[in-house]
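These notes concern the structure reproduced below.
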Amino acid sequence: MTRGLEVDFTDPAFQADPHPTYAAWRRTGPVRRTRLPSGLSAWVVTRYDDARRALADPRLSKQSAFSVGSSEAANRAASPAAILSRHMLAADPPDHTRLRRLVSAAFTARRIESLRPRIEEITRDLLDAMEGQDQVDLIDAFAFPLPIQVICELLGVPPDDRDAFRDWSNVIVAGSQSGSRLEPAIRAMVGYILALIAERRATPGTDLLSGLIQVRDSADQLTESELSSMVFLLLIAGHETTVNLIGNGTYLLLRDRDQWERLRAEPSLLPTAIEEFLRYEGPVETSTFRVATEDLEIGGVTVRAGDPVVVMLLSANRDEARFPDADALRLDRTQNPHLAFGHGIHYCLGAPLARMEAQIAFTQLMARHPDLRLAIAAEDLRWRPGLLLRGLHDLPVSL
Ligand code: HEM
């Protein structure tokens, strides 16, 4: 139950529409200490200006955050979970600088752009598979498999292994809510990734993983655990975020058919429309944890050294002080400096890939199914539990 300004994050009513709660927080206590679903008590930052400053504040550490925000098992240095935490999103400079530089050398704009024809083909195949059906779950049939296939293709994960990946990834992202299934899923994922790296080391290809193995920068290179950790981060980020951009965007267009018709009539609006989906109902609800390395002030509140801090991206992106008419979905919004991809040194590395996937997905979906409609009332749609990501459990549509 949502009582006053406190909230039960697991309440389906909150999950269905968290925005009124965030709006109240922005008004009455924009930086507040709150118990998160994991049980951890953290400062949550809800206003745009504070959020943007916090995301770029070097006194808020990602490296220290790992030991606070994760399970006891994860803290044991040699545990699988620890091996999977040596990536850039769990690092501060200078480690972060080095990791991001090395990975960026393989994750180039050219490599991403070279995927375009293949992403178009995967999208076409998924739409072909939906042909002849009256009704489908668009998450299951389209929004989920598309980014999975793209990231697996990018990394060179064979098609037969992709279902197992999807299962492990779901369990890992749900974190503590997965209970006893969490550790086995992490262990299985680590084992798989290590085997994949060994195989690609023996027989290099043109995929990103081969690129990451070969990358060298003034005699520097990724260690084995940094490599497996990076692959893990890319797989999770590639699996669990873009699905929500496609799912949430389609939902926003279909719940108000005028928006769908407008975008069909003016396809040149698609780039600003995608930015507006990212702002209005972004795929990632909160930033990952940060921890204050010294006493500091955020939005007039003193945060003590050692305190965990989480930025509510969804809330910042609806801040009326930054976005005129913030609660309105405007497909032609041009001034849209949203924080859906984060901000500062940890700004999403995969943003160009996610934008390209979304452009291809919406272009083909609207062309193939101009009469697409929600098959159930918008109020009856179920949102996925958990605070980190914001996405629909399923999206039944009639074709
Ligand atoms: C619409 C889809 C996506 C959204 C909304 C999104 C969002 C984000 C956000 C908010 C962060 C920063 C988190 C923080 O500072 O706590 C981030 C970081 C990151 N994302 Fe994404 N992401 C998306 C897709 C992807 C994809 C497809 C990939 C890779 C294939 C990717 C790879 C990464 C990486 C590697 C980082 C860490 C960057 C660093 O620490 O320097 N993301 N993403």
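Residues satisfying the criterion are present in segment 61-82 (criterion: within 11 Å of the ligand (Cβ to nearest atom) and at pLDDT 90 or above).
Among the listed residues 235, 270, identify the single one that is assigned to a helix (DSSP H, G or I) and under 15 Å from residue 365 (Cα atoms).
Working: 235 fails: under 15 Å from residue 365 (Cα atoms).
Criteria check complete, one pass: 270.
Would you mind stating whether residue 227 is touching a residue at least 24 places away in the same chain (Cβ under 8 Å) and closer than 25 Å to residue 118 by Cβ? Yes; evaluated as a whole, the condition is true for this residue. Here residue 241 does not fit the description of being of a type in the set (S, T, N, Q), under 28 Å from residue 328 (Cα atoms) and away from the ligand (no atom under 12 Å from the Cβ).
When 368, 333, 355 are checked against the criterion of being at pLDDT 95 or above, within 26 Å of residue 149 (Cβ to Cβ) and more than 16 Å from the ligand (Cβ to nearest atom), 368 stands alone in meeting it.
The set of residues in segment 150-160 that are crowded, with 22+ Cβ neighbours inside 10 Å and more than 11 Å from the ligand (Cβ to nearest atom) contains only 157. The set of residues from segment 97-118 being surrounded by fewer than 16 Cβ atoms within 10 Å (Cβ to Cβ), within 20 Å of the chain's Cα centre (by Cα) and within 11 Å of the ligand (Cβ to nearest atom) comprises just one member, 104. The single condition among (1) within 16 Å of the ligand (Cβ to nearest atom); (2) not in a loop (DSSP other than H, G, I, E, B) that residue 171 does not satisfy is (1).
When 203, 223 are checked against the criterion of being β-branched (Val, Ile, Thr), away from the ligand (no atom under 16 Å from the Cβ), closer than 17 Å to residue 155 by Cα and out of contact with any helix residue (DSSP H, G or I) (no Cβ under 6 Å at 6 or more places or on another chain), a single residue qualifies: 203.
Scanning segment 6-22 for residues that are loosely packed, with under 12 Cβ neighbours inside 10 Å and in a loop (DSSP other than H, G, I, E, B) gives a single hit, 17. It is to be established whether one or more residues within segment 164-186 are under 19 Å from the mean Cα position of the chain (by Cα) and among the basic types (Lys, Arg). Checked segment 164-186: at least one residue is under 19 Å from the mean Cα position of the chain (by Cα) and among the basic types (Lys, Arg). Checked against the criterion of being more than 10 Å from the ligand (Cβ to nearest atom) and either closer than 24 Å to residue 87 by Cα or surrounded by fewer than 23 Cβ atoms within 10 Å (Cβ to Cβ) (or both), the candidates 266, 281 yield just one match: 266.
Give the residues of segment 340-352 that are assigned to a helix (DSSP H, G or I) and either near the ligand (Cβ under 8 Å from one of its atoms) or buried (at least 21 other Cβ atoms within 10 Å of the Cβ) (or both), sorted by residue number.
344, 345, 346, 351
Being outside any helix (DSSP H, G or I), within 15 Å of the ligand (Cβ to nearest atom) and surrounded by 24 or more Cβ atoms within 10 Å (Cβ to Cβ) narrows it down to one residue among 291, 311; which is it?
Numbers: 291 fails: surrounded by 24 or more Cβ atoms within 10 Å (Cβ to Cβ).
Only one candidate qualifies: 311.
I'd like the full set of residues that are of a type in the set (Asp, Glu) and within 13 Å of the chain's Cα centre (by Cα), limited to segment 279-306. Steps first, please.
So the first thing to find is which residues in segment 279-306 are of a type in the set (Asp, Glu), and the list is 281, 285, 294-295, 297.
Once the filter is applied, which keeps residues that are of a type in the set (Asp, Glu) and within 13 Å of the chain's Cα centre (by Cα), segment 279-306 yields 281, 285.
Whenever a residue of segment 46-59 is within 18 Å of residue 348 (Cβ to Cβ) and assigned to a helix (DSSP H, G or I), its partners that are among the hydroxyl-bearing types (Ser, Thr, Tyr) and within 11 Å of the ligand (Cβ to nearest atom), lying with C-beta atoms within less than 9 angstrom and at least six residues away or across chains, give the pairs 51/287; 54/287; 55/287; 55/347.
The values are calculated or read from the model by the stated rules, or taken from the named source; none is laboratory data. Small disclaimer: the values here were computed from a predicted structure and weren't measured. Cβ sites come from the backbone with ideal geometry, for glycine too, and all protein chains shown count toward neighbours.
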